[in-house]
Amino acid sequence: MTVRTRYAPSPTGALHIGNVRSGLFAYLFGRHNHGTFILRIDDTDRERSTKESLDEILESLKWLGIDWDEGPPDPGYFQSNRFERYREAARQLLREGKAYPCYCTAAELDAMRKQAEREHRKPGYDGRCREKPFAPDLELPAASAGRNYTIRFRSPHEGETVVDDLVKGRAVFDNAELDDLIIFRSDGVPTYNFATVLDDADFRITHVVRGDDHLPNTPRQMQIFRALGMEPPAYAHMPMVMGPDGTKLSKRHGATSVFAYREAGYLPEALVNYLARLGWSHGDQEIFSREELIDYFDFDACGKSAGIFNAEKLLWLNFHYMKERPLAALAREVRPFIEKRGLTIPGDDAWLEKMVATLRERAKTLVELVDFASFYLKDEIEIDPKAAAKFLKPEAAEPLAAIADELESIGGNLNEESVKAAFERVMARYAMKLGQLAQPVRVALTGGTVSPGIFEVIAVLGPSRTVTRLRAAIRRLQT
RNA sequence: GUCCCCGUCGUCUAGCUCGGCCUAGGACACCGGCCUUUCACGUCGGUAACACGGGUUCAAAUCCCGUCGGGGACGCCA
């Protein structure tokens, strides 16, 4: 049997990193088994579904490198195009007496829930319309017809439903606990639990991989499968991702969308590696290529407990992947972040690569790298007054002038080696240590006391900007 | 409240299936040393956990029971 897995996001908002992790696991399991990975769009809620969020979801998945074998743009993979199929299935259940109309109003249901809560029972539907007679060829509700009833699934009350979960193990639900859920709303729209079952059935999904917040839905979905005369697929419920406060990760925990991480200068490999490693492991290994992830992925190696999202570890992984990227590729990634700030790059690709090379071990994200790069990119630098007070003192003027002259005469032959030689000559002349000369130069060239190695900085900056800045600093300390 | 799930360093985890190799390993973070022109990188070292209580056993992080704690679900949302 060929494995078929699916990911079924709702286009009602940004693609959330907690949510996309379930998709990643479904993808990895599918690929690991040389199966088919399907993307399906759960857009039954037409009110909240938007084209924008659909586009964002698709683009986020592509950015992460999660590619699907079946799905959009094929219209057959949108729930909104499958309504007739859901209606047909609902009519079948009605004919067979496995579903029934419910005429309760929202207010009645609400009162029912409150009552149950008072009596310390599970709030749920009490089945008051369950035994009312109805015509087996009853029309389905429709918004246009204004039919004021819903269709409920007649859930078996006897026995129990067993979920043999691939991650969690066996979970047993007493059928008496499961109330009759609505499968069709009064406006003629099928509900999630019903549409999902039909989709999983029709697309011949063999393994449903999703977050464990869906575990309580599973016995209900299994019952619907059986009522429809089909066997349910296998289920794998992944533990959820929590925020630092230990509750379900949500917007109030800060950046949670895939786009937000892309904009913050993260590399997709880092996010994928992090998400995969949260809740799954392969011995002591921390770094995984996509191929390794696919090779090693297995539900047996998935943990059962929820994990807290740790931004620091993601940062460390991102740093790792930035160092690992070939320089030219990293420079290409950096470019748009520079442009986004309205800065221009004063050199060609080779220059940009040299610049990036000096910064890549000092930045954990692309954004941070560009933050550090501003002294390379701007014509006018701002000198930190505290740094100036400490290093740009009158006695620095002479050596600074000397190094400026040296560098000016090197001119076009300037490189790390020739800069180093120039520094050594000046240090010898004034009997200085490298630190005594390097710090004032650093402040003059970068505006602060922290930067890449001073020889590299000068080599990247080039003779003319270097000399200009040195002389500006000399003028500054003389006034 | 009811049902379901979960419980190893602050965090992610290895070990738990088949009890002894665990004076519990790795990673992030943190602290300290080294390297050093600053900051980083790197490198070396350190602090830090089997939720608790009962069993079973010669022996339990590993098996059983209970307690406590955390999370999730209880919608004409998905």
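Data overview
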item	result
Nearest-ten-degree value, helix A:51-64 long axis tilted from longest Cα axis of chain A	60
Proportion of all alpha-carbon pairs of region A:67-114 beyond 13 Å (%)	71
At q = 0.11, 0.16, 0.18, 0.23 Å⁻¹, base-10 log of I(q)/I(0) for region A:281-384 (Debye sum, equal scatterers on each alpha carbon)	-0.48, -0.79, -0.91, -1.24
DSSP bridge pairs, chain A: antiparallel proportion in percent, nearest 5	55
Evaluated at q = 0.15, 0.25 Å⁻¹: base-10 log I(q)/I(0), Debye formula over Cα of region A:218-324	-0.76, -1.38
Volume per residue of the C-alpha convex hull in region A:267-333, rounded to whole Å³	88
Alpha-carbon radius of gyration plus Dmax, which is the widest Cα pair, for chain A in Å	31.6, 106
Fewest-first sequence of A:T150, A:T5 by Cβ atoms within 10 Å of each Cβ	A:T150, A:T5
Whole-number D in µm² s⁻¹ for region A:1-123, Kirkwood Cα-pair radius fed into Stokes-Einstein, 25 °C, 0.890 mPa s	142
Positive dipole terminus of chain A, leading residue within A:L198, A:Q223, A:L58 (C-beta point charges)	A:L58
Virtual spin-label span in nm between A:K248 and A:K114, 7 Å along Cα→Cβ	2.4
Test item: Cα-centred dipole of chain A, Lys/Arg +1 and Asp/Glu -1 on Cβ, debye	1020
Helix-derived mean residue ellipticity, 222 nm - over chain A, DSSP H n ≥ 4, -39500 (n - 2.57), to 500	-14500 deg cm²/dmol
Cα long-axis angle, helix A:416-430 against chain A (0 to 90 degrees, to the nearest 10)	50
Given A:K98/A:K132; A:K340/A:K386; A:K323/A:K354; A:K251/A:K304; A:K354/A:K378; A:K248/A:K304, the pairs whose alpha carbons are separated by over 20 Å	A:K340/A:K386; A:K251/A:K304
Rg and Dmax [Cα atoms of region A:400-479; Å; Rg one decimal, Dmax integer]	11.3, 33
For A:Y125, A:Y266, order by how many other beta-carbon atoms lie within 10 Å, fewest first	A:Y125, A:Y266
Estimated dipole of region A:386-479 in Debye, rounded to 20 [Cβ of Lys and Arg +1, of Asp and Glu -1, Cα centre]	460
Which of A:W316, A:A301, A:V272, positive extreme of dipole for region A:272-371 (C-beta unit charges)	A:W316
Exposure proxy order (Cβ contacts within 10 Å, fewest to most) of A:W63, A:W68	A:W63, A:W68
Distance histogram in 5 Å bins (all Cα pairs of region A:155-208, percent per bin)	4, 16, 15, 20, 27, 13, 4, 1
Angle in degrees between helix A:218-227 and the longest Cα principal axis of chain A, rounded to the nearest 10	40
Convex hull volume per residue for region A:156-254, taking Cα atoms only, in Å³	140
Extent along principal axes [Cα atoms of region A:331-423; Å; largest to smallest]	41, 33, 23
Charged-residue dipole, Cβ positions (Lys, Arg, Asp, Glu), region A:202-336 about Cα centre, Debye nearest 20	540
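We did not get these values from a lab; they are worked out from the coordinates using the rules stated. Everything quoted here is computed from the prediction, not taken from an experiment. A quick note on method: Cβ atoms are made from the backbone with ideal geometry, for glycine too, and the neighbour counts reach across all protein chains shown.
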